[in-house]
Amino acid sequence: MRLLLWFLAGLSLLSAGCQAQTLELFTEENPPLNFTDETTGQVTGAATELLAEILSRANVTYSIKSMPWARAFREAKERPGACAFAAVRSPDREQMFEWVGPLFTGGWALYKRPGSSLEISDVAKLDGLVVAAMGGTAAVTNLQKMTSAEVVLAPRDDVALALLYHGRADLWLSGVFAAPHSAKKARLVMPELALIWRPSALSLACGRGTDPALIARLNEINSSLDVLRRDLMQRYRYGYDTEAAAQR
């Protein structure tokens, strides 16, 4: 009888181990990393495709919802098994989440209106200037810690760019991945690069308490996909050398 009980317990553990785990993924409209395809209505993009491959190899089922970034970030913080991407992994966020990544190495940059004589060499020297940026991002948080420049917040990256062209700001803070797409969405000329600020690790941020064995497995798979990572970035990149810019 005892042997039978041990056998049944072993079968139960084996069955549980074979069951696919489930994650809720939350993201924003941030091409080329993640965005909703207008034809299919499905979330796609370089980071989305990379995550789909990682999760498939790990036998993880998932759902994806696109929403404003502040809400996606909040959803991921609230419970285990909820994740936001592509989130900048920074020291002030390190203990908030369980991390998988980096999915891609991005970077933050400051842009100016075409023909502007403004010269920027250091973000610490922006005093007296006005910077337009999308609210709720790590870039804004870090910028506000480093300078007393006025930061005008917008709900979307393309709206922040419009503020630059409407004379409401001297500079536009954006990501090197996102900037060309935001300019295209706003139907505005891509502004001039004023300063590449810093590289950033774009990752999957999962709520505290998410299965640590799963997080370790996802990181292991992610580290083996460098060829796919390069192929995806090459396919989704639009007219800007983002990989080179991220390393400057």
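Bear in mind these aren't lab numbers, they're just calculated from the coordinates by the rules spelled out. These figures come from a predicted structure and were not determined experimentally. So basically every Cβ, Gly included, is an ideal-geometry build from the backbone, and we count neighbours across all protein chains shown.
Once the Kirkwood radius over Cα pairs is known for the range 113-184, the Stokes-Einstein relation at 25 °C and 0.890 mPa s delivers a diffusion coefficient of 200 µm²/s.
Within the set [x] 15.2; [y] 16.5; [z] 24.8, the number that mean projected area of the Cα convex hull in nm² takes when calculated for this structure is listed as [x].
Per-residue 3J(HN,Hα) values for the range 113-127, derived from phi via the Karplus relation 6.51 cos²θ - 1.76 cosθ + 1.60 with θ = phi - 60°, read 4, x, x, 5, 8, 4, 10, 10, 10, 7, 5, 6, 10, 9, 3 Hz in sequence order (x marks Gly and Pro). The value of relative contact order for the chain, using C-alpha pairs under 8 Å at least six residues apart, is 27 percent. List the trypsin sites (Lys or Arg not before Pro) within the range 160-223 that fall in a DSSP loop (any state other than H, G, I, E or B) and whose Cβ has at most 14 other Cβ atoms within 10 Å. Passing sites in the range 160-223 are R168, R187, R208. Ranked by the mean number of other Cβ atoms within 10 Å per residue, highest first, peptides 117-130, 89-102 order as 89-102, 117-130.
Pairs of Lys residues in the range 107-226, spaced 8 or more positions apart or belonging to different chains, with C-alpha separations under 28 angstrom: 5 in total.
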